[in-house]
Amino acid sequence: MMQHSDQTSLTTVNALASELVSPYRPEDVDIFVGAARHEKTLKFIKYALLLDAIDEGWLYEQQGWMFNQLERYREALEAFERARNLGYANDGWLYKQKSYALDQLDRDEEALEACERARRLGYVNEE
């Protein structure tokens, strides 16, 4: 196990300040902040599911969130449904994320139902 003293701290990282910030510029409307990182995370989740070493429901929930971040809402809904079927049916955060995807797909009634379910399950918006 790595001891705290062995860990790399931000003060020892040799990086330029420009490398530590997002390359996003307001004029770059089509550039998606973090898209490459989200795609890498989706690959990790895919392989983690093959390993069967981590809670599949949690992985699908995280996959759904990544799909939301990438504006791939239909895929997000599929992932959330899998997570729900694998034991995350009482997870308010899942329903809040599902509500967001449904809203983006203009499925307003379903989005409202999912949002209400999140509220009933005690989800409190962190924003």
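The values are calculated or read from the model by the stated rules, or taken from the named source; none is laboratory data. Keep in mind that this is a model prediction, so the values were computed, not measured. Cβ sites come from the backbone with ideal geometry, for glycine too, and all protein chains shown count toward neighbours.
Under 7 Å between Cβ atoms, which residue pairs at least 6 apart in sequence (or on different chains) link something in segment 31-46 that is exposed (fewer than 14 other Cβ atoms within 10 Å of the Cβ) and acidic (Asp, Glu) with a partner that is at pLDDT below 75 and part of a helix (DSSP H, G or I)?
Close Cβ pairs (under 7 Å, with a partner that is at pLDDT below 75 and part of a helix (DSSP H, G or I)) do not exist here.
Residues that are aliphatic (A, V, I, L, M) and within 23 Å of residue 120 (Cα to Cα): which helices (runs of 4 or more DSSP H) entirely in segment 39-107 hold 1 or more of them?
Numbers: elements: 56-69, 73-83, 92-104.
Because the criterion is at least 1 residues that are aliphatic (A, V, I, L, M) and within 23 Å of residue 120 (Cα to Cα), the helices (runs of 4 or more DSSP H) in segment 39-107 that meet it are 73-83, 92-104.
Got a number for residues in segment 71-120 being under 24 Å from residue 54 (Cα atoms) and out of contact with any Leu (no Cβ under 8 Å at 6 or more places or on another chain)?
Result for segment 71-120: 15.
Please count how many residues of segment 74-87 are crowded, with 19+ Cβ neighbours inside 10 Å and not charged (D, E, K, R).
Summing the residues that are crowded, with 19+ Cβ neighbours inside 10 Å and not charged (D, E, K, R) in segment 74-87 gives 5.
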